[in-house]
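Asker: Provided herewith is a single structure, encoded as structure tokens, for subsequent inquiry.
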Amino acid sequence: MHPARLLNSATKIINTIARPARCLLVTICAVCSGLTLHAFGQPNLLLIYVDDLGLGDLSHTGHPVIKTPNLDSLAQTGLTLSNYYAPSALCSPSRAGLLTGRQPYRTGIQSWIPADSGVYLRDDEITLAELLNDAGYQTALIGKWHLNSDLGSKLEPQPNDQGFAYFYGHNAFQIPTNKNPINLYRNRQALPMQQGYTAQLYADEAIDWLNRRNNTQPFFLMLSMAEPHTSIENPPEYNALYEQYTRGPIVPITSGGDHIPKSALNPRGPGEYYANITYMDSQIGRVLDKIDQADLRSNTIVVFTSDNGPVTEQWINWYEVNAYGSTNGLKGRKHFLSDGGLKVPAIIRYPGVLPAGETSNALVIGTDWFSTLLNYSAVPVPRDRPIDSLNIGPVLAGEKIQQERTLHWALPTPDGFDYAIRKGNWKLMLTQQHEAVALYHLGQDPLELFNVLKDFPVKLAELKKQHQKNLESIAADPFRPQ
């Protein structure tokens, strides 16, 4: 057993034997180590991870048409992160980075995971859910998993094996669409067709789980929404809200069957995409209302963000037609390492600890939730492996000035720019062969319009050296699958 697992197993035993003393012990430890805890023990954690939502796809981030009143309200009562990056520009590696606090290439999850490919998040990885579960948290994943290639496999680790005591959801995408899906599981059991839309189904399940939880223990609920990933359907009343943006009859494009030539598809305009986000917002609002109704708001940390940038109208795949995501003008889209594929909305609400209704420009990446949420929960971060995660709590609370930091991404991309590294305001793009091809100063050029590669040779050399150092660290990682 790895040292971190052993430590947390011991913690779990102690918690079971001496549950009444746990809150006092945690509070004492937190004070000694500088952690921030509520007076009544460890906070609850609600992590809302949505699928393919763009930086500009919400009302409060600037979309001129889409209405998202519930997420706007969350931003008004929480802290908006305006300089937040996803761990990857695709779903599976992004989720691997989020749950392990490690760069996705360290975990062996280099791209999205096709069905029956035999790719999965390895047992050797320690997830956020495992650590919290071992520390006495009730844990549940409701929604998308996509960290293995088969939810029915006995050979590949399932959500229940990686820290989530309860699971209800799907793997890669909804089949045939997000209406009446036929590919959902509850724990390890395949389910018959589920009547309804995934946003509603997952909100229902989350509310039911919150009702059934043991209210003497803290909880970690990961609500991993399917929306607005294609293929989509919406309740008619939501389509009606945006009918002026839709051309012709609505005929769903289904997944899980034969591929359709993109040239044979007739784009209908952005109305259905807009409606899908508003419907998602309404269902997330139901879960947030449940937190309030159960008098849990003051002791629940809520994190909301997206796994990667959006599919814009620059469609690549047949199933992307009728997605109209907004990057707020940033270059690129999902599957590319330009900022449009990486920079996404993010909000954190922690009443009494973090400011409300404000915006932080701190440079944050999705792997940071690992150390940050563990720190808030007084749970140790593993020390037996490289962790690419920072506790950003003190910076967000204004207690600490952020130092210049370096972020690194690796992903097979359609344009061959497979690596990106950002240090401070500088961002370097490199090819699959590690050739530097573009250098941007994001402080002066956030749209990545002006390539200054030849103008700053010293900065270029510095970033190339840091890129190589990071690759060497990944190659030498003892937990990286060979």
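Asker: Scaled to the compact-protein estimate 2.2 N^0.38 Å, what is the alpha-carbon radius of gyration of segment 105-220, rounded to two decimal places?
Answerer: On the way: Rg = 14.5 Å, N = 116, 2.2 N^0.38 = 13.4 Å.
In units of the globular-protein estimate, segment 105-220 measures up at 1.08.
Asker: Taking the Cβ of each residue in 426, 145, 318 as the centre, tally the other Cβ atoms inside 10 Å and list the residues starting with the fewest. Show your work: numbers first, answer last.
Answerer: On the way: 426 20, 145 23, 318 17.
Sorted ascending by nearby Cβ count, the order is 318, 426, 145.
Asker: Which loop-located chymotrypsin sites (Phe, Trp or Tyr not before Pro) does segment 430-482 contain, where loop means any DSSP state but H, G, I, E or B and the Cβ has at most 14 other Cβ atoms within 10 Å? List each step's numbers first, then the result.
Answerer: Working: sites: 440, 450, 479; in loops: 450, 479.
Sites meeting the loop and neighbour criteria: 450.
Asker: Ranked highest first by average number of other Cβ atoms within 10 Å, how do 384-391, 64-71 line up?
Answerer: Details: 384-391: 19.8, 64-71: 18.2.
Averaged packing, sorted descending, gives the order 384-391, 64-71.
Asker: Could you list, in their original order, any pairs among 67/290; 154/290; 290/427; 334/464 whose Cα atoms are separated by more than 32 Å?
Answerer: Numbers: 67/290 21 Å; 154/290 35 Å; 290/427 41 Å; 334/464 24 Å.
Distance filter (> 32 Å) returns 154/290; 290/427.
Asker: Given 20 °C and 1.002 mPa s, how large is the Stokes-Einstein diffusion coefficient of segment 196-242 in µm²/s, with Rh as the Kirkwood radius over Cα pairs?
Answerer: Working: Rh = 12.7 Å.
Translational diffusion coefficient: 168 µm²/s.
Asker: With N set to the residue count of the chain, report its C-alpha Rg divided by 2.2 N^0.38 Å to two decimal places. Kindly include the intermediate steps, with their values, before the conclusion.
Answerer: Details: Rg = 21.5 Å, N = 482, 2.2 N^0.38 = 23.0 Å.
Relative to the rule-of-thumb radius for its length, the chain sits at 0.93.
Asker: Sticking with this one: Can you tell me the order of 52-59, 359-366 when each peptide is scored by its average per-residue count of other Cβ atoms within 10 angstrom, highest first?
Answerer: Listed from highest to lowest mean packing, they are 52-59, 359-366.
Asker: List the aspartates and glutamates whose Cα sits under 18 Å from the Cα of residue 400, skipping any in the same chain fewer than 8 residues away.
Answerer: Output for residue 400: 358, 368.
Asker: If you rank 205, 358 by fewest surrounding Cβ atoms within 10 Å, what's the result? The partial results should precede the final answer.
Answerer: Values: 205 22, 358 13.
Ordered from fewest to most neighbouring Cβ atoms within 10 Å, 205, 358 come out as 358, 205.
Asker: Give the long-range amide H neighbours of residue 56: residues separated by 5 or more places, or on another chain, with amide H under 5 Å away, using H modelled in the peptide plane at 1.01 Å from N.
Answerer: 326, 327, 328
Asker: When the gyration tensor of segment 168-316 is built from Cα positions, what are the square roots of 5 times its three eigenvalues, in whole Å, from largest to smallest?
Answerer: On the way: eigenvalues 187, 65, 36 Å².
Value: 31, 18, 13 Å, ordered largest first.
Asker: Oh, and also: Taking the Kirkwood radius as the inverse of the mean 1/r across Cα pairs, report the Rg/Rh of segment 416-475.
Answerer: 0.95
Asker: For the chain, give the share of DSSP beta bridges that are antiparallel, in percent and rounded to the nearest 5; count only bridges with both residues there. Before the final figure, lay out the partial values.
Answerer: On the way: 28 of 54 bridges.
Bridges in the chain are about 50 percent antiparallel.
Asker: Next up: How many angstrom lie between the Cα centre of segment 200-251 and the Cα centre of segment 85-137?
Answerer: 23
Asker: Taking only C-alpha pairs under 8 Å that are 6+ residues apart, what is the relative contact order of segment 214-350 in percent? Can you show the working numbers first?
Answerer: On the way: 176 pairs, mean separation 33.0, N = 137.
RCO, segment 214-350: 24 percent.
Asker: Given only helices, namely DSSP H runs of n ≥ 4 each adding -39500 (n - 2.57), what is the per-residue ellipticity at 222 nm of the chain, to the nearest 500 deg cm²/dmol? Can you show the working numbers first?
Answerer: Values: 13 runs with 140 residues, N = 482.
Rounded to the nearest 500, the figure is -8500 deg cm²/dmol.
Taken together, the values in this text are just the output of simple stated rules run on the coordinates, not laboratory data. These numbers come from a predicted model, not from an experiment. Cβ: placed from backbone, ideal geometry, glycine included. Neighbour counts: every protein chain shown.
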